[in-house]
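Since every read-out is calculated from the coordinates, none of them should be taken as a lab result. Predicted model only: the values in this text are computed from it and were never measured. Every residue, glycine among them, receives a Cβ derived from its backbone with ideal geometry; neighbour counts consider all protein chains shown.
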Number of protein chains: 2
Amino acid sequence: MMRQHLASVARVDEPRWLDEREARVWRAYLDLNRELPAVLERRLVRDSGLSNADYSLLVPLSEAPDGLVRSRELGAMVGWERSRLSHQVGRMEKRGLVVREECAEDARGSMVRLTPAGRAAIEAAAPSHVAAVRRYLFDVLTDEELDVLGRAFGRVLDRIAED
Amino acid sequence: MMRQHLASVARVDEPRWLDEREARVWRAYLDLNRELPAVLERRLVRDSGLSNADYSLLVPLSEAPDGLVRSRELGAMVGWERSRLSHQVGRMEKRGLVVREECAEDARGSMVRLTPAGRAAIEAAAPSHVAAVRRYLFDVLTDEELDVLGRAFGRVLDRIAED
DNA sequence: AATTGGTTGTTGACGCGTCATCAATCTCGC
DNA sequence: GCGAGATTGATGACGCGTCAACAACCAATT
C-alpha cells in the first residue's frame with residue numbers, strides 16, 4: 001500500500017491556511033483598515049466637527065449643480081445602499097447640513113440638497129482633510145507603489161464585483 | 001516686479017489637492033475598505049453565524065493556552081481599546097461563546113475564556129473564512145505585489161504610530 | 001384600465017464602535 | 001503605611017451600518 005499524501009489523510013481535508021507572507025500582509029491590512037480611517041476621522045471631528053460619513057456625502061453634493069442630487073444617484077456615487085444613505089441623510093438633516101426635497105420626475109424618489117451651512121462645512125473641512133490623507137498615506141508612498149496599489153485594489157474590487 | 005507664483009497668490013493659500021493618480025488610488029482604497037470587509041462578513045455570518053468582530057476575538061482566544069486570555073492582553077493582541085473589547089465580550093458572553101472570569105493576579109483585571117461552543121464556532125468558521133480571504137484577495141495578487149503591499153502598509157502604520 | 005413585478009425610500013431593531021465617566025485597584029514615592 | 005496618580009474594566013449615550021419589512025410608486029403586459 002502506498003504511503004502517499006500523509007498530510008492530506010488527516011480526519012477532514014486540512015484547509016490551505018495562509019503562509020507567512022500572506023499572513024503578514026493580511027494582518028497589516030487589518031491594522032491599516034482599523035487605524036487609518038480612525039485617525040482621519042478623529043482629526044476631521046476635532047478640526048471640523050464632521051464624521052467620515054458626513055464627509056463622504058458632502059463631497060459629491062458640493063460638486064453637483066446647485067448642490068442638488070437625487071438620493072438614488074447619491075447612493076450610487078458613494079457606493080452605499082438605500083437604507084444607509086437614508087439614515088445618514090436623516091442625521092445630517094437634523095444638523096442642518098442638508099435638506100430633503102421631493103423629486104419632480106419620480107414621485108417615489110427624493111432629492112438631497114446641500115444647505116449653505118453644509119457647503120461652509122465641507123469647504124472648511126476639505127483642506128485639512130486632504131492634508132491629513134497626504135500626511136498619513138501619500139507622503140510615505142512612492143509613485144511606483146501607488147501604481148501597484150491602484151492595480152491591486154482594482155483587481156480585488158473586480159473580483160468582488162464578479163459575485 | 002517679478003510675476004512669479006501666480007497660482008499661489010490666490011485669496012487664501014490654495015491647498016495641494018490630490019492629483020489624478022492619487023485620487024484614483026484613494027478612491028480605490030475607500031471602495032476596497034467598504035467592500036472587502038462587507039463581503040467577508042456576509043459570508044461569515046451566512047456560513048458560520050459569526051461577525052468579523054466575533055472572529056477577531058475568537059482567533060487569539062483559540063490559540064491561547066486553555067483558551068484563556070487576560071482582557072488587557074486580548075485588547076492589545078487585536079489592537080482594540082478597552083471599551084470596545086468590553087462591549088464585544090459582553091455580546092459574545094450573552095451568546096455563550098466566551099465567559100468572563102476574575103483575574104487572580106490583579107483584582108482590577110478580568111479574564112476571558114473561550115467556551116467549548118466558542119471553540120466549536122471558530123473551528124467550524126475558519127476554513128471557509130480563510131478560503132474567502134484567499135478567493136477575494138490572495139488569488140488575484142502576485143507575490144511581488146504582496147511584498148509591495150506589505151511594505152507600503154507597514155510604512156503607513158508607522159506614520160500613524162508616530163503621533 | 002387593471003394586474004404584476006420591480007424600484008425607491010423610510011423605518012425599527014439590533015450589532016458595532018467611540019467617547020466620557022465611573023469605581024475599583026495597583027504602584028510608587030514618601 | 002499612606003496618599004497621589006495611573007491602570008483596568010464596565011457602563012450609558014450616541015453615531016454608524018445592516019437587515020427585514022413596509023408603503024408608495026413606476027412600467028410593462030394583458
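Rg ratio for the protein assembly as shown: its Cα radius of gyration over 2.2 N^0.38 Å, N being its residue count, equals 1.19.
Calculate the spin-label point distance for B:D66 paired with A:D158, positioning each point 7 Å from the Cα along the beta-carbon direction, and give it in nanometres. Inter-label distance under the simple model: 5.2 nm.
In this structure, A:A124 and A:R34 have a Cβ-Cβ separation that, at R0 = 41 Å, corresponds to a calculated FRET efficiency of about 0.90.
Label-point spacing for A:A161 across the identical copies (point 7 Å from Cα in the Cβ direction), in nm and ascending order: 3.5. Taking N as the residue count of chain A, its C-alpha radius of gyration divided by 2.2 N^0.38 Å amounts to 1.47. Inter-label distance, B:D147 to B:S51: 4.0 nm, where each label sits 7 Å from its Cα along the C-beta direction.
Simple spin-label estimate for A:E73 and A:V59 gives 1.9 nm between the two label positions (7 Å along the Cα-to-Cβ direction from each Cα).
Calculated mean residue ellipticity, 222 nm, chain A: -21000 deg cm²/dmol, from DSSP H runs (n ≥ 4) at -39500 (n - 2.57) each, averaged per residue and rounded to 500. When peptides B:75-88, B:144-157 are sorted by average Cβ neighbour count within 10 Å, with the highest value leading, the order is B:144-157, B:75-88. Sequence-ordered 3J(HN,Hα) estimates for segment B:77-84 from the Karplus curve with 6.51, -1.76 and 1.60 and θ = phi - 60° stand at 4, 9, x, 9, 7, 4, 5, 4 Hz, glycine and proline given as x. Rg and Dmax of segment B:85-144, both derived from C-alpha coordinates alone, stand at 16.9, 49 Å. Between copies, how far does the label point of B:P15 sit from its twins, in nm, shortest first, when each point is 7 Å from Cα along Cα→Cβ? Listed shortest first, these distances are 4.2 nm. Kirkwood radius and radius of gyration were both taken over the C-alpha atoms of segment A:54-125, and their ratio Rg/Rh is 0.93. Neighbouring Cβ atoms from other chains, within 10 Å of the Cβ of residues in A:32-40, number 5 on average.
Computed on segment B:20-163, with alpha-carbon pairs under 8 angstrom and 6+ residues apart, the relative contact order is 23 percent. When Rg and the Kirkwood radius Rh are both evaluated on Cα atoms of segment A:11-70, their ratio Rg/Rh stands at 1.31. Distances between copies of A:S83, taken at a point 7 Å out from Cα along the Cα→Cβ vector and listed shortest first: 2.6 nm.
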